[in-house]
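Remarks on the structure that follows.
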Amino acid sequence: MRVVSKIGVIGAGQMGRGIAQVASQSGFETHLFDSSSESLERGAAFIKKQLARGVSKGKWTEEASQKAQESLQLETSLEGLSDCDLVIEAATERKDVKFKIFQECDRIIKEGALLASNTSSISITEIASQTKRPSKVAGMHFMNPVPVMKLVEGIKGLETSNETFDSVASVAKAMGKIFVKANDVPGFAVNRILMPMINEAVYALYEGVASVEDIDSAMKLGTNQPMGPLELADFIGLDTCLAIMGVLHEGLGDTKYRPCPLLKKYVLAGRFGKKSGRGFYEY
């Protein structure tokens, strides 16, 4: 099993900044990269704010917060991740974007280093095929918000070695996460179940079964879910939900995974949910 002490994270958005925060708090030297300096600064500011909030709530000490901040380095070039033992990609859920990142990582990141994707639905086998080190590529699907949610869904591609998979599992556990294995099929385990439920909730709204508020209240009170499916969709991002449903529909070829027309319409209108200020709810 490969020893990992230095972790690179690609993408300073909602998921990447969360992964970077947890990695830095878990004793890893962490390098956070984003192609946008503005996104990088926002991500770093968010992490600093979250660490300070944790101190004020007594979750960790000021010393621990300071140590985590010292462990975190911001990178404006992918070259800054070249000496990392493990690089975790947390970019947008688009094949073309992820493929380009992994091609670049394969060229830049040191030989022998492990590469992982935080993808929630795209084939790890296909992502790994973009590199000359497919045996060293695995899936590490963190849940949002990363510092709070305990699960990491591990995905082993066709060529992923046992050593690589054991190594990423060990990293997840060092971060205080529960690591579960899912097969490399569209949506893996979590989104294979979650996204069709969200999509069906959108269909229920589309077909006039009930209002947004009543659909969410029914699922929260009737099935003990902490968030209703439409509220959760807003939190995840409607564009992300649509992208994942597209992967399920294309990859599994079953009409039951067809994205709801209303979901498509909202995304076309720029209603992405909480991150855009409007989705099924207004923020």
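The values are calculated or read from the model by the stated rules, or taken from the named source; none is laboratory data. Computed from a predicted model, the values in this text were never measured in an experiment. Cβ: placed from backbone, ideal geometry, glycine included. Neighbour counts: every protein chain shown.
One table, with the values for the structure above:
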{"quantity": "Residue in the range 4-11 that is surrounded by fewer than 24 Cβ atoms within 10 Å (Cβ to Cβ) and hydroxyl-bearing (Ser, Thr, Tyr) present", "calculated": "yes"}
{"quantity": "Options 8, 58, 16; residue that is part of a strand (DSSP E or B) and modelled with pLDDT of 95 or more", "calculated": "8"}
{"quantity": "Filter pass, residue 188 being of a type in the set (A, V, I, L, M, F, W, C), buried (at least 20 other Cβ atoms within 10 Å of the Cβ) and within 18 Å of residue 154 (Cα to Cα)", "calculated": "yes"}
{"quantity": "Residues that are hydroxyl-bearing (Ser, Thr, Tyr), more than 16 Å from residue 116 (Cα to Cα) and within 19 Å of the chain's Cα centre (by Cα), drawn from the range 1-41", "calculated": "24, 26, 35, 36, 39"}
{"quantity": "Subset tally (residues that are more than 23 Å from the chain's Cα centre (by Cα) and either part of a loop (DSSP other than H, G, I, E, B) or surrounded by 15 or more Cβ atoms within 10 Å (Cβ to Cβ) (or both)) for the range 263-273", "calculated": "1"}
{"quantity": "Tally, over the range 129-167, of residues that are over 22 Å from residue 237 (Cα atoms), β-branched (Val, Ile, Thr) and not in a loop (DSSP other than H, G, I, E, B)", "calculated": "3"}
{"quantity": "Unique match (being farther than 30 Å from residue 249 by Cβ, at pLDDT 95 or above and surrounded by 22 or more Cβ atoms within 10 Å (Cβ to Cβ)) among 146, 171", "calculated": "171"}
{"quantity": "Some residue of the range 81-94 being assigned by TED's automatic domain parsing to the domain that holds residue 117, among the basic types (Lys, Arg) and in contact (Cβ under 8 Å) with a residue 40 or more places away in the chain", "calculated": "yes"}
{"quantity": "For residue 80: the one exception among (1) farther than 27 Å from residue 235 by Cα; (2) in a loop (DSSP other than H, G, I, E, B)", "calculated": "(2)"}
{"quantity": "Breaking point among (1) on the phi < 0 side of the Ramachandran plot; (2) surrounded by 13 or more Cβ atoms within 10 Å (Cβ to Cβ), for residue 207", "calculated": "(2)"}
{"quantity": "Options 221, 252, 232: the member that is of a type outside the set (Phe, Trp, Tyr) and either buried (at least 23 other Cβ atoms within 10 Å of the Cβ) or within 13 Å of residue 280 (Cα to Cα) (or both)", "calculated": "232"}
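Conditions tested, residue by residue: (1) at pLDDT 95 or above; (2) in contact with a helix residue (DSSP H, G or I) (Cβ under 7 Å, 6 or more places away or on another chain).
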| site | (1), (2) |
| --- | --- |
| 233 | yes, yes |
| 240 | no, no |
| 243 | no, no |
| 255 | yes, no |
| 259 | yes, yes |
| 267 | yes, yes |
| 283 | yes, yes |
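So that you can scan it fast, the table gives a plain yes or no per residue for (1) without any contact (Cβ under 8 Å) to a residue 24 or more places away in the chain; (2) under 26 Å from residue 117 (Cα atoms); (3) assigned to a helix (DSSP H, G or I); (4) polar (S, T, N, Q):
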{"residue": "187", "(1), (2), (3), (4)": "no, yes, no, no"}
{"residue": "191", "(1), (2), (3), (4)": "no, yes, yes, yes"}
{"residue": "203", "(1), (2), (3), (4)": "no, no, yes, no"}
{"residue": "208", "(1), (2), (3), (4)": "yes, no, no, no"}
{"residue": "220", "(1), (2), (3), (4)": "yes, no, yes, no"}
{"residue": "242", "(1), (2), (3), (4)": "no, yes, yes, no"}
{"residue": "251", "(1), (2), (3), (4)": "no, yes, yes, no"}
{"residue": "275", "(1), (2), (3), (4)": "no, yes, yes, no"}
